[in-house]
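**Q** Have a look at this one before I ask anything.
Every read-out reported here was derived from the displayed coordinates using simple, explicitly stated rules and does not represent laboratory data. No experiment lies behind these values; they were computed from the predicted model shown. For neighbour counting, all protein chains shown are included, and Cβ atoms are generated from backbone atoms with ideal geometry for every residue, glycine included.
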Amino acid sequence: MQSLKLFKWTNWRLAAVLVSVAVALSLPAAPGLAVAPNPPPFGMLCTTNGSGTPYAAFTLTALSGTISLSDGNTMYMWGYSEGGHVFQHPSPTLCVTQGQTVTVVLHNTLNVPVSVMFPGQPDVLANGRPVQPEYTAGALTSLVPTAPPGGDVTYDFVAKEPGTYLYESGTDAATQVQMGLFGALVVRPTLGVNYAYNRTESRFNPATEFLMELSAIDPYQHQAVQAGRAFDIRQFRPRYWMLNGRSLPDTLYPNYAPLSPFQPYSALARIHPYDAATNQWPALTRHVSVTPVDVPFHPHGNNGLVIARDGRYLQDGAGNNLAYSKFSMDIGPGQTWDTLYTWADIDGFASGTHKVSDEVTIPSELNLTYGMLYSGSPYLGDLAAMPPGTFSMNACGEYYIISHSHALNQVTAWGQGLTMQGMGTFLRVDPPLPNSCPN
Amino acid sequence: MANYLNTRRVNRRDFLKLGGGVAVGLTSASLLSGSALARTLLQPADIAPSRGPAQRAPLGVPTPDLYLAGTDGWVCLAPTVSIPPYHPDSFAPAPFTTYIFGFRNVTGMTADQVQAQKGRGQITAPIIGTDEGHDFRINLTNVGLLQRPDLFDSHTFHWHGFRNAIPFFDGEPIGSVSVPVDRDLTYYYHPRDPGTYLYHCHFEDSEHVHMGMTGCVYVRPAQNGGGYRYAYNGLLPTDPLSTSYDREFVIVLTDVWAEIHWGDAHIQLADWSDYVPDFFLMNRRLYPDTLAPNGGLTDSSGDLIAPSGHPELQYQPISSLIQCNAGDRVLLRMVNLSYLEQSMTLTGIPMRVVGKDATYLRGQDGVTDLTYTTDCVTFNAGESTDAIFVAPPHTGGGYDTYLLYNRNYDRLNSGGGAGLGGQMTEIRVWATGTLGPQTVPNT
């Protein structure tokens with residue numbers, strides 16, 4: 001409503017600094033997080049184990065921690081950390097290869113029983129036996145066997161099918177999943193790392209692989225859990241909506257941004273325009289939702305080609321390709337959706353071969369409101385004059401194209417009014433190489 | 001370059017087809033010049049009628065095809081329902097109840113007339129029809145908010161779903177530009193993908209979309225012609241699976257949270273995380289107003305003329321009444337610009353879903369038919385659905401009535417008031433040959 005409060009200024013300015021710094025340097029991994037050193041600033045990050053062998057073994061510790069929110073608030077959370085490393089939210093993205101036997105040892109440091117479920121994985125064992133619901137005094141208390149407080153349970157399964165999956169607690173799930181006990185599991189196909197599935201149509205550019213974990217937080221629920229009080233689940237009402245555990249504009253910070261030390265995953269997607277010779281393979285976005293309602297996720301700039309849902313490529317019994325194109329993905333609770341995405345300079349405007357000024361009169365910068373990510377110019381790779389006093393974070397004339405939930409009440413934060421927070425992020429389209437972008 | 005809108009001549013029969021409002025409309029219309037007549041005829045429905053090969057001015061930029069203004073206004077929703085202190089709004093002039101933001105079609109108006117539309121926004125915004133392969137330019141003027149002189153919000157035009165847009169024409173304010181008060185900007189598109197899209201203001205869109213700056217834009221396929229219209233290029237009318245149609249109706253689904261509309265009029269800011277809608281609207285009206293005639297004609301000042309017999313619907317000009325002859329193929333272009341998932345059910349007539357999100361339901365081989373038959377389509381905010389039904393047989397006088405409504409029964413009321421309300425409309429099937437050809441949507 002108030003135009004001047006369009007953004008959370010401080011966080012957006014910091015995002016600008018971090019975006020440019022991270023691109024200039026390869027930031028080392030924050031201490032304690034189990035990923036390869038010097039992870040890239042944007043794109044999905046994998047926690048792996050046993051690459052190239054038949055076995056992948058992970059140790060997940062259920063523990064508590066704190067995250068920072070876009071409005072400056074903090075939130076008490078639970079999560080799984082991997083290999084004894086520090087708390088992070090969301091829990092680490094586990095990447096394995098089709099056919100590997102995956103072992104997950106869950107060690108519980110919380111004061112309630114917890115568990116891990118692997119939706120979509122058949123024949124999961126817990127302590128060597130097929131997983132079964134757990135009963136306490138005749139009542140069903142967990143969807144799968146638990147690790148008691150201070151104790152362990154070991155799950156095993158064979159990752160038979162490639163795809164994008166969720167892992168999450170199966171114990172008091174309405175509480176524990178919302179508290180943060182969830183993460184993504186990616187199974188890479190035997191066809192190769194450049195493919196999402198064992199179909200050539202699932203080929204993507206591995207430098208542009210992105211994960212979007214959709215979630216929401218009710219601060220009163222977290223407060224009740226932290227204080228050890230009961231919470232009436234019927235009163236559940238989210239006040240914060242997140243992508244990869246962060247709200248806009250924090251979603252734009254790079255991976256491992258110091259500003260959010262326990263929320264390592266960026267949600268900024270960074271690509272180059274489609275080019276038949278130099279950039280022909282699309283970006284892959286893996287969406288995973290633990291939000292308790294269907295979320296209509298809408299990328300601007302192009303449709304996404306939905307190639308798979310819930311870890312299965314969309315094809316019929318005869319193997320015909322049933323992938324379909326959407327400008328809004330209606331992602332349900334617990335669902336995963338894989339989309340391929342490109343952006344192409346189809347009108348020739350980006351490159352300037354087709355002049356915007358041939359089609360419309362471009363008003364003076366004094367007669368327009370300029371956005372904080374705008375370069376001042378309609379052309380890709382071009383920086384131009386901004387109105388006096390306007391702050392822009394644009395580095396090198398790149399395009400910023402928004403993606404957000406179209407349930408626009410989710411593009412907000414608790415009591416923050418119209419300040420562009422919540423479930424949103426941007427796609428950054430960099431000018432074709434060589435360009436003047438810092439790294 | 002010729003302004004295509006103004007080349008069309010208008011006659012009495014065309015006005016009759018706008019469904020009511022005949023006497024008033026004709027009287028006013030006869031005082032207008034030819035170009036203004038053409039523009040008003042096309043309110044609130046089809047803005048850019050099918051046209052021939054694209055033309056370009058040899059020098060200078062072409063003039064826009066459509067001029068929209070963004071402003072605020074007042075509309076009428078369930079005046080007997082009380083949601084104190086929010087509804088009816090104590091600031092609302094009679095016969096209105098609810099404060100809104102809206103677009104208006106101001107094509108052909110003088111600068112003074114455009115300014116005179118401040119505070120006269122309409123919801124839903126004008127229906128926009130464009131053609132595959134033809135440039136389309138829309139100029140947006142920000143006229144300001146009459147009720148809120150303290151609020152200097154900019155506006156944008158976001159064509160939701162337009163593929164490969166550049167940010168400058170995408171209308172998303174952070175990544176590009178927006179239109180300040182008393183300024184204007186022209187957006188350019190070269191549509192390549194037929195189908196049904198949405199458009200809305202994207203400036204502080206949680207508010208501006210909810211307040212009413214939303215509409216439907218669609219792209220007619222290049223295959224149109226020879227007396228046939230299609231939703232998508234592909235099968236010819238001889239094939240029962242073709243997307244040819246005889247009549248089309250745009251159905252825009254939205255909702256209203258009374259507190260936030262009241263808050264914008266009374267300079268109060270509600271917490272958006274408290275969002276809980278009170279009303280569920282179809283083309284921004286509540287049943288049975290959804291059946292009321294179209295408005296959309298304008299008077300000499302440019303102000304909207306209310307639909308006949310419905311002064312309270314002056315700024316809600318788009319009807320949802322679906323009328324057809326037995327055997328007609330009817331295309332429903334349904335878009336959801338509420339913040340909730342909706343399930344629209346058509347009783348008694350199966351419909352074939354041919355497109356979603358402006359994408360023809362065909363396999364990636366371009367041939368395999370993936371259209372399907374159903375009686376209920378579910379789609380969430382920001383999605384569109386194209387469905388075609390064939391009107392069942394009817395003989396004799398009068399019409400048969402079928403219903404299109406939201407299967408979420410708790411939304412089939414108007415603010416909790418007695419009786420049916422909300423997102424419901426009727427499909428009236430007449431005997432073959434009763435109704436003449438349709439020339440604009442929702443008539």
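**Q** Could you list A:S70, B:S176, A:S51 so that the one with the fewest beta carbons within 10 Å of its beta carbon is first and the one with the most is last?
**A** Neighbour counts put them in this order, fewest first: A:S51, A:S70, B:S176.
**Q** Can I ask one more? Run the helix sum for chain B: -39,500 (n - 2.57) per DSSP H stretch of 4+ residues, divided by residue count, reported at 222 nm to the nearest 500 deg cm²/dmol.
**A** The helix contribution divided over chain B gives -2500 deg cm²/dmol.
**Q** Between B:I427, A:G50, A:L60, whose Cα lies farthest towards the positive end of the dipole of the protein assembly as shown when Lys and Arg beta carbons carry +1 and Asp and Glu beta carbons carry -1, centred on the Cα centre?
**A** B:I427
**Q** A further question follows. How large is the Rg to Rh ratio of the protein assembly as shown when both quantities use alpha carbon positions and Rh follows Kirkwood?
**A** In the protein assembly as shown, Rg relative to Rh is 0.97.
**Q** Evaluate E = 1/(1 + (r/R0)^6) for B:L151 and A:N194, where r is the Cβ-Cβ distance and R0 equals 56 Å; express this FRET efficiency to the nearest 0.05.
**A** The value I calculate is 0.65.
**Q** In addition: Hey, in the GNM for chain B with a 10 angstrom Cα cutoff, which one of B:T298, B:T80, B:T196 fluctuates hardest?
**A** Comparing B:T298, B:T80, B:T196 in a Gaussian network model of chain B, the most mobile one is B:T80.
**Q** Among rounded, prolate and oblate, which fits region B:4-430 when a ≥ b ≥ c are the square roots of the eigenvalues of its C-alpha gyration tensor, a/c under 1.5 means rounded, and a/b larger than b/c means prolate?
**A** rounded
**Q** Follow-up question, since we're still on this one. Tell me, what is the FRET efficiency for A:N73 and B:V367 to the nearest 0.05, using R0 = 51 angstrom and their Cβ-Cβ distance as r?
**A** The formula returns an efficiency of 0.45 here.
**Q** Taking 7 Å along the Cα-to-C-beta vector as the label spot, tell me the B:T434-B:T63 distance in nanometres, rounded to one decimal.
**A** Between B:T434 and B:T63, the label points sit 4.2 nm apart.
**Q** Label A:A57 and B:S343 with points 7 Å out from Cα along Cα→Cβ: what is the distance between them in nm?
**A** With each label placed 7 Å out from Cα toward Cβ, I get 4.8 nm.
**Q** Please list, in order along region B:205-210, the HN-Hα scalar couplings obtained from phi with the Karplus expression 6.51 cos²θ - 1.76 cosθ + 1.60 (θ = phi - 60°), rounded to whole Hz, x for Gly and Pro.
**A** 5, 3, 7, 5, 5, 5
**Q** Counting only C-alpha contacts under 8 Å and six or more residues apart, can you give the relative contact order of region A:234-317 as a whole percent?
**A** 15
**Q** Now for a different question. Using unit Cβ charges (K, R positive; D, E negative) and no other charged atoms, how large, in debye to the nearest 20, is the dipole of the protein assembly as shown about its Cα centre?
**A** 820
**Q** Contact order normalised by length for chain B, with contacts defined as Cα pairs under 8 Å and 6 or more residues apart; what percent is it?
**A** After rounding, I find 16 percent.
**Q** While we're looking at this one, here's another question. Projecting each Cα onto the charge dipole of the protein assembly as shown (Lys/Arg +1, Asp/Glu -1 at the beta carbon, about the Cα centre), which of A:T412, A:F210, B:T439 comes out farthest on the positive side?
**A** B:T439
**Q** Treating only the Cα positions of chain A as identical point scatterers, give the base-10 log of I(q)/I(0) from the Debye formula at each q in 0.09, 0.10 Å⁻¹.
**A** The Cα Debye sum returns log10 ratios of -0.57, -0.70.
**Q** Which residue, B:N406, B:N224, B:N283, has the most motion in a Gaussian network model of chain B that connects Cα atoms within less than 10 Å?
**A** Taking springs between Cα atoms under 10 Å, the residue moving most is B:N224.
**Q** Right, next: Using DSSP, restrict attention to beta bridges with both residues in chain B and report what percent are antiparallel, rounded to the nearest 5.
**A** 75
**Q** Further, regarding this structure: Mind listing the long-range amide H neighbours of A:Y324? Cut-off is under 5 Å, sequence gap 5 or more, other chains count too, H placed in the peptide plane at 1.01 Å from N.
**A** Hits under the 5 Å cutoff: A:V306.
**Q** For helix A:9-24, what angle does its Cα long axis make with the longest principal axis of chain A, in degrees from 0 to 90 and rounded to 10?
**A** On a 0 to 90 degree scale, this one is about 90.
**Q** Just how large is the dipole of region B:4-430 about the Cα centre, in debye to the nearest 20, putting +1 at every Lys and Arg Cβ and -1 at every Asp and Glu Cβ?
**A** Charge dipole, region B:4-430, about its Cα centre: 1540 debye, nearest 20.
**Q** Using a simple spin-label model with points 7 Å from Cα along the Cα→Cβ vector, what separation in nm is obtained for B:D299 and A:A277?
**A** 6.4
**Q** Taking H as built 1.01 Å from N, whose amide H comes closer than 5 Å to the amide H of A:G180, not counting residues under 5 places away?
**A** Here A:W78 satisfy the definition.
**Q** Going by Cα centres, region B:350-388 and region A:283-332 are how many Å apart?
**A** After rounding, the separation between the Cα centres reads 15 Å.
**Q** Another one. Across region A:232-247, in residue order, what do the Karplus-derived ³J(HN,Hα) couplings come to in whole Hz, using 6.51 cos²θ - 1.76 cosθ + 1.60 with θ = phi - 60° and x for Gly and Pro?
**A** Per-residue couplings from phi come out as 6, 4, 5, 8, 4, 8, x, 10, 10, 10, 10, 10, 6, x, 10, 9 Hz.
**Q** A:F391 label point, 7 Å along Cα→Cβ, cut-off 20 Å on backbone N: hits in region B:169-191?
**A** The answer is B:173-178.
**Q** Another one. Could you give each residue of region B:112-122 its phi-based ³J(HN,Hα) in whole Hz, using Karplus coefficients 6.51, -1.76, 1.60 with θ = phi - 60°, and x for Gly or Pro?
**A** Values per residue, Gly and Pro as x: 5, 5, 4, 4, 5, 7, 4, x, 10, x, 10 Hz.
**Q** Here's something else I'd like to know. For a label point 7 Å from the Cα of B:T80 along Cα→C-beta, name the residues of region B:273-290 whose backbone N is under 17 Å from it.
**A** B:286-290
**Q** Hey, got the dipole for chain A? About the Cα centre, +1 on K and R Cβ, -1 on D and E Cβ, debye to the nearest 20?
**A** Using only the charged Cβ atoms, the result is roughly 500 debye.
**Q** Another question, then. Starting from the amide H of A:T97, placed 1.01 Å from N in the peptide plane, find each other amide H under 5 Å away whose residue is 5 or more places distant or on another chain.
**A** Counting only residues 5 or more places away or on other chains, the set is A:R188.
**Q** Another question, if that's okay. Only counting other Cβ atoms within 10 Å, I'd like B:D205, A:D382 sorted with the fewest neighbours first.
**A** If I rank by nearby Cβ atoms, fewest first, I get A:D382, B:D205.
**Q** Then there is this: Between A:A230 and A:A137, how high is the FRET efficiency from 1/(1 + (r/R0)^6) when r is the Cβ-Cβ distance and R₀ = 25 Å? Nearest 0.05.
**A** For R0 = 25 Å, the calculated efficiency reads 0.85.
**Q** Which of B:I138, B:I166, B:I100 moves most in a GNM of chain B, Cα contacts under 10 Å?
**A** Sorting by GNM fluctuation, first place goes to B:I166.
**Q** In the protein assembly as shown, what % of DSSP beta bridges are antiparallel (nearest 5)?
**A** If I count the DSSP bridges inside the protein assembly as shown, around 75 percent turn out antiparallel.
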